[in-house]
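Here the structure is laid out as structure tokens; the discussion comes afterwards.
The values are calculated or read from the model by the stated rules, or taken from the named source; none is laboratory data. All values derive from a computational prediction rather than experimental measurement. For neighbour counting, all protein chains shown are included, and Cβ atoms are generated from backbone atoms with ideal geometry for every residue, glycine included.
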């Protein structure tokens, strides 16, 4: 399996991408979403249904598979997540292992230079949608995530402001 990810500036954009992935036949358990806590995924039934998950009191059900809705990521703060990537991030944070969010992203198959941009972008308010796909669906997933996969512009904008890489401390 390969990981294809994209960054979205709003939860509505991320929701539309997740819906398109599901409509393309990608299983909901291969789709993941990680967002700054302020997006309140768990508080919005329509959004939760749109990303293929049901809600339960105080947590996201379905895609979240029992993981608490929010957790603290060093260097980012409170994060809300659903799916396998959120579980990996929560495990990395709970384990206190070196690399934390960067290590979890790399472990999911995201190249290190991209993992730094994803982590910084979530810190700055963006939503990450990641999907695990077999080779035969990689191009389809990449097409759906489309421009959201263009990290160079974000990296460049961050670098213009003095950023070099995500720093958990």
Being surrounded by 16 or more Cβ atoms within 10 Å (Cβ to Cβ), touching a strand residue (DSSP E or B) at 6+ places or on another chain (Cβ under 8 Å) and at pLDDT 90 or above narrows it down to one of 41, 60, 31, so name that one.
-> 31
Scanning the stretch 93-119 for residues that are crowded, with 22+ Cβ neighbours inside 10 Å and at pLDDT below 75 gives 101
Does residue 138 count as over 20 Å from residue 87 (Cβ atoms), in contact (Cβ under 8 Å) with a residue 40 or more places away in the chain, assigned to a helix (DSSP H, G or I) and out of contact with any helix residue (DSSP H, G or I) (no Cβ under 9 Å at 6 or more places or on another chain)?
-> yes
Are there any pairs with C-beta distances below 7 angstrom linking a residue in the stretch 100-128 that is at positive phi and outside any helix (DSSP H, G or I) to a residue that is crowded, with 20+ Cβ neighbours inside 10 Å and modelled with pLDDT of 85 or more, with the two at least 6 apart or on different chains, and if so which?
-> 109/3
For residues that are closer than 18 Å to residue 11 by Cα and exposed (fewer than 15 other Cβ atoms within 10 Å of the Cβ), tally how many sit in the stretch 127-165.
-> 3
Pairs, first at positive phi in the stretch 141-164, second surrounded by 16 or more Cβ atoms within 10 Å (Cβ to Cβ), C-beta under 9 Å, six or more apart = 146/6; 146/17
